[in-house]
Amino acid sequence: MPTHTLPEFVLERWFAEFEFVPGIRNLAASCPFSATTQELLALEGAETTERYLQLGLDYVENPGNERLRQGIANLYTTLEPGYIRVTSGASESLFLLILTTVQPGDNIVVEDPTYGNIAGVAQAQGAEVRRLPLQLEQDWKPDIEQLAQLVDDRTRLIYMTHSHHPTGSVRTVEEMQAIVRIAERVGAIFASDEVFRLIALDGTPAPSVIDVIEQAVVIGDMTKPWGLGGLRVGWVASRNTEILKRVSAARDYSTMCGSAPGEFLAEIALRHTQEVIAPRLAAARSNRQLLADAIAGSQKPVRWLTPQAGYTALLQLPFSTEPFCRYLAEEKRFLLLPGYVYGKQYERFMRIGFGCRTELFAEGLETVMQVLQGWDGD
């Protein structure tokens, strides 16, 4: 086993510092306002509530129960439950995928910016992390020619988030196919993190990569579209049964299995996807318009790409955003995410989440813009 240690997860350390401080109001979240147990149980009759109250709290099966996996399979057009393995959130999916795929001396390619989980675990495994930089000037889309130059015969995995986080850009089917051809050329796995795919702010959700590309691996979870992060239900989907076997076997060393209440409530949410997601999408669309209007009226320059999907936007400001975000958290009790957590090259960017309730977002946005207009940054 490699002796490398896990690097500090800078993004999560920022949240650890501020997210649960009493009185803090979160304008940095990548998910919508959370659902409640009462809200989910109210979607069905008294019989479901009674079954939930009588639910046994023993272990559940490692891959996730059949009903849950069928509910997940229904989110796709070409998948069966046997191609799905449930995990404790998407973070465990990513952890297990890297743990079972990458060896010392291998390399992986990730987008930049990206969530730090998979790159950190690969680095700890002794793998090289190669980054494909995305640019605001190119609408945060991957440069396919540059990607082709990054891969070689030691590339084990190409990892991308679709729809992209934290910018909200969306790839076309043609771009997916081009990426897969590059992966196939060097024998790499194409892993598409699709936790934001169903959060379509303009039109209908983009197709899942696995419904377009037979050999792709996709990641999903109940946190982002449904606001159910506390259930800790995520999944890996693949037609490659060897990958699924390795993931299940590795899970024996991590969480072993999921939570019985979490899986039960996730099943309910999956049976009522539109009812749960619709009010959250409606709030996000309203909040996105409020954000667009505020940026248009700002006296300080703010650059951004209007997100097409997801619940976050990445804003470019004319100064380093870490002191600005720290002031807002400590003095105004509004939490935003400074861009340096994605790397030094993003220190003038800031992530704002617009999935919260509109009353909260409007109040927080007004405070943020007031502070911004008077901020004497560099």
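Just so it is clear, none of the values below were taken in a lab; they were calculated from the coordinates. It should be emphasised that the depicted structure is a prediction, and the values quoted were computed from it without experimental measurement. All Cβ positions, glycine included, derive from the backbone under ideal geometry; neighbour counts span all protein chains shown.
When the square roots of the Cα gyration tensor eigenvalues are ordered a ≥ b ≥ c, the ratio a/c for region 1-54 is 1.5 or more and a/b does not exceed b/c, which makes its shape oblate.
Using the Cα gyration tensor of region 109-159, with a ≥ b ≥ c the square roots of its eigenvalues, what is the shape: rounded (a/c below 1.5), prolate (a/b larger than b/c) or oblate (neither)? Cα axes put region 109-159 in the oblate bin.
Computed 3J(HN,Hα) for region 225-230, one whole-Hz value per residue from the Karplus formula 6.51 cos²θ - 1.76 cosθ + 1.60 where θ = phi - 60°, is x, 9, x, 10, x, x, glycine and proline marked x. Database remark: amide H of PHE190 closer than 5 angstrom to the amide H of ILE158, VAL217 (H placed geometrically; neighbours at sequence offset of 5 or more, or on other chains; Pro and chain starts carry no H). Just how far, in whole angstrom, is region 335-378 from region 193-258 if you go by their alpha carbon centroids? Taking the Cα centre of region 335-378 as reference, the centre of region 193-258 is 29 Å away. Sequentially through region 63-75, phi angles give Karplus couplings (6.51, -1.76, 1.60; θ = phi - 60°) of x, x, 5, 4, 5, 5, 5, 5, x, 5, 4, 5, 6 Hz, Gly and Pro residues having no value and appearing as x.
Please report the antiparallel percentage of the DSSP beta bridges confined to region 46-273, to the nearest 5. Please report the intermediate quantities before stating the final value.
Numbers: 9 of 27 bridges.
For region 46-273, the DSSP antiparallel bridge percentage is about 35.
Peptide packing: for 207-217, 222-232, 72-82, the average count of neighbouring Cβ atoms within 10 Å per residue gives the ranking 222-232, 207-217, 72-82, highest mean first. Its alpha carbons considered, region 46-273 gives a radius of gyration followed by a Dmax of 17.5, 58 Å. Placing unit charges on the Cβ atoms of the charged side chains and taking the dipole of the chain about its Cα centre, the candidate lying farthest along the positive direction among ALA282, ALA260, VAL86 is ALA282. The residues TYR52, TYR311, TYR59, when put in order of fewest to most other Cβ atoms within 10 Å, stand as TYR59, TYR52, TYR311. Cβ-to-Cβ counts within 10 Å put THR241, THR306, THR161 in ascending order as THR241, THR306, THR161, the fewest first.
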